[in-house]
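Worksheet: the structure to be examined is printed underneath.
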Amino acid sequence: MNWTQELIDSAIWLSQVYVVTLICFGLTVWFLARRTVWGRQFWQLSGGYFSPRRSWKPILTIAFILFLTLAGVRLQVLFSNWYNTMYSALQDLNEAAFWLAMWLFAALATVHVLRSLLDYYVQQAFSIHWRTWLNNQLLGRWLDRQSYYRTQHLEKGVDNPDQRIQYDVTVFVQSSLTLSMGVVDALVSTVAFTLILWGLSGPLGLFGVEIPRAMVFLVFVYVLVATLLAIRIGRPLIMLNFLNERFNADYRYALVRLREYSESIAFYAGEKVESTLLRGRFAQVISNAWAIVYRSLKFLGFNFSVTQAAVVFPFIIQAKRFFSEQITLGDLMQTAQAFGRLQDNLSFFRNAYDEFASYRATLDRLTGFNRAIDEAQQLPRPNLNDHADHLSIRNLTVHTPNNRLLIDKLDLSLTPGDALLIRGPSGAGKTTLLRAIAGLWPFCEGDIERPQDHLLFLAQKPYLPLGSLRQALYYPQIVSTREGLLIDREEQKEAAVASSGSAPQNLDEQVETPSTVTPLATHQDPQAREILEQIQLGHLTDRLDEVNDWSRILSLGEQQRLAFGRLMVAHPKVAFLDEATSAMDEGLEDAMYRLIRRHLPDTVLISVGHRSTLVRHHAKQLNLKGNGQWSMSNDLPA
């Protein structure tokens, strides 16, 4: 074999096939995106990433990955020819040809290793960039217009959005690239090795009929029949994989709730109930896992049987020609290698069916997530109009999700410095009214004028974000810190290197989360310390920059006082307080309201509460009586 000419032919082949593959790949993606359900799902999720209007880099990177994939196919063809050269040299006892084959192998192997490493890097970098873009897209849509909150009002909500953003995005990106490049590799390799097998195979008599180039036809028939049977056996895996993702996410969510409400569960001694719930959800996971195992046994058992039978098949067919000296040992070994490679390529769709089933399930979950966001954003909203400093409500009617009337045609107007107390029996719609004014409640209609940006809501149980106490105090403002990550990257690298010499014993000790963060100069003012003193949390001033789970460290009363500190930081035009002092004694409650009135005299306060002690701090009262009825009264605070 003239290897110099072989290399020239390889360059010509690679350039020609690359152009054809690019065109076919683009047309296939266009066709699938327009004509198939899962193709439209894919384009809905990632069409924006591949749009040239955004950037040409993704398309150019895919084109380069295609080139590397085709180069890998051509290398496999060259390796196939090398097998023929090497085994022929052995059969002829040609030592010079044998050592030349060894040098050729060294050159081919070097190119193969370099191509594989480059292909790995480019694919991983592309996956990371794609995953980053898609994560930002879904996260942005999830946070936009309170979709994360409003989806709970849908007739059929979305389960486990955390998993869909964090896990399903990763699986989608990796599987999209793996499956698409796998298809290209399989199809191009099929053509290339079919030509090789065509040149090596001979006629075969079957039932008195001589079939020319029989090996080629037999392998296609063999794999086609096997693939059809495999698809029939493996089809239930699509639904089983979908259920596997859902049941595992439900179980993980239940475990998170156990940690989140651990104190309440401990007070109730609710371990038996929680154990029953957790074991029940885990039983769903295990039941579905066994169903996957039993179905996979059938699927894999069939695949293994087909694959093993294909090992000896080419030797049996070519044995007669070899022993009659029509072909050499090199031809025989290349036939077996080409047959195996062709069988693997044609079997790609059969062997990858399980992965494709998981991919379809992931596509369904991500598109279902997108659909839920769209539906949430289409839910009705009251007419919100921006006004610099006052709150005005006209003809506001509020219903429950099942259309029960809570408030009928409410009218009220509050100017700077006004304080309104909303009272009424439980279930009358007090908190729901606050949600409607904030624009969160979809089951209402009317006109609301309020400041669009300068609002702050204090819940009965305040939300404390992960991070330092200073960040919790400034929330929802962003406190910039010198550390961009909770774990330092250099420390991560050092820990990884340190663990490479031996089996790591305790990685938690090697990579520690810092206990403090250093705020930038813009947030190193003394205001935070002064506010903590004023809200009677002065004992925490030295822990302002300590990173911890403050929702577990602080009592509910302390958390509520910290929320009053947020009011002093934010200086809102309108503040909503929903049972915001329920965990304080009457003395602390009085002190907090007087503090706010002293520092924020022009802020409109709207409070919800049952205590009579709140009356003295509110000149106006709105009494909700249920069934849509309400009344206003004006009482001067004592």
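Computed values, structure above
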quantity	calculated
Rounded Å value of the spacing that divides the Cα centres of segment 436-481 and segment 17-33	49 Å
Long pairs among Lys156/Lys409; Lys272/Lys430; Lys430/Lys573; Lys156/Lys430; Lys409/Lys620; Lys409/Lys430, criterion Cα-Cα beyond 23 Å	Lys156/Lys409; Lys272/Lys430; Lys156/Lys430
Debye log10 I(q)/I(0) for segment 69-148, one point scatterer per Cα, at q = 0.11, 0.15, 0.20, 0.25 Å⁻¹	-0.51, -0.68, -0.89, -1.07
Other-chain or far-sequence residues with amide H under 5 Å of Ile211's (modelled H)	Leu204, Gly205, Leu206
Tilt relative to the chain, helix 37-46 - C-alpha long axis, 0 to 90 degrees, to 10	60 degrees
Proximal charge balance of Thr431 [Cβ under 11 Å; K/R count +1, D/E count -1]	0
³J(HN,Hα) computed for each position of segment 279-286 - Karplus, 6.51 cos²θ - 1.76 cosθ + 1.60, integer Hz, glycine/proline x	5, x, 5, 5, 4, 4, 4, 5
Under 5 Å, built H, 5+ apart or other chain: amide partners of Leu410	Asn395, Leu396, Thr397
For the chain: relative contact order, % (alpha-carbon pairs under 8 angstrom, 6 or more apart)	14 percent
Computed FRET value (nearest 0.05) for His599 with Arg371, which takes r as the C-beta separation and R₀ as 51 Å	0.65
With all protein chains modelled, accessible area of Glu546 [1.4 Å, Å²]	40 Å²
Order of exposure, largest accessible area first, which applies to Arg371, Arg423 with probe 1.4 Å	Arg371, Arg423
Area accessible to solvent at Arg543, 1.4 Å probe radius, in Å²	80 Å²
Derived scalar couplings ³J(HN,Hα) [segment 248-258; Karplus, 6.51 cos²θ - 1.76 cosθ + 1.60; whole Hz; x for Gly, Pro]	5, 5, 4, 5, 5, 5, 5, 5, 5, 5, 4
Cα-Cα separations in segment 1-131 greater than 24 Å, expressed as whole percent	47 percent
Acute angle (nearest 10 degrees) that the helix 556-570 long axis makes with the longest principal axis of the chain, alpha-carbon atoms	90 degrees
Eligible lysines near Lys57 by straight Cα distance, threshold 30 Å, same-chain separation 8 or greater	Lys493
Segment 538-638: equivalent-ellipsoid semi-axes (sqrt of 5 x gyration tensor eigenvalues, Cα, Å)	28, 15, 13
Computed accessible area, Cys444, all protein chains, 1.4 angstrom probe, square angstrom	10 Å²
Whole-Å distance, taken between Cα centres, linking segment 57-81 and segment 558-603	65 Å
Interchain or long-range residues, amide H under 5 Å from Gly467's placed H	Asn548, Trp550
Residue-by-residue Karplus 3J(HN,Hα) for segment 131-145, coefficients 6.51, -1.76, 1.60, Hz, glycine and proline x	5, 4, 4, 5, 4, 5, 5, 5, 5, x, 5, 5, 8, 5, 6
Local electrostatic count at Val285 - Lys and Arg +1, Asp and Glu -1, tallied over other residues with Cβ under 12 Å	+2
Total formal charge among the other residues, if their Cβ is under 10 angstrom from that of Val604, Lys/Arg +1 and Asp/Glu -1	-1
Positive-pole candidate from Leu143, Trp550, Asn385, dipole of the chain, charges at beta carbon	Asn385
Helical contribution to [θ] at 222 nm, DSSP H n ≥ 4, -39,500 (n - 2.57), averaged over the chain, rounded to 500	-20500 deg cm²/dmol
Efficiency of FRET from Cβ geometry, Leu93 and Tyr148, R₀ 60 Å, rounded to 0.05	0.20
Span from the segment 152-187 Cα centroid across to the segment 243-273 one, whole angstrom	26 Å
Accessible carbon and sulfur surface of segment 1-50 relative to its total accessible area, %, 1.4 Å	68 percent
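The values are calculated or read from the model by the stated rules, or taken from the named source; none is laboratory data. These numbers were taken from a predicted model, which means no experiment stands behind them. Neighbour counts are summed over all protein chains in view; Cβ atoms, including those assigned to glycine, are modelled from backbone coordinates with ideal geometry. Note: accessible area is taken over every heavy atom of the protein model, side chains too, but ligands, DNA and RNA are not part of it. Shrake-Rupley method; radii C 1.70, N 1.55, O 1.52, S 1.80 Å.
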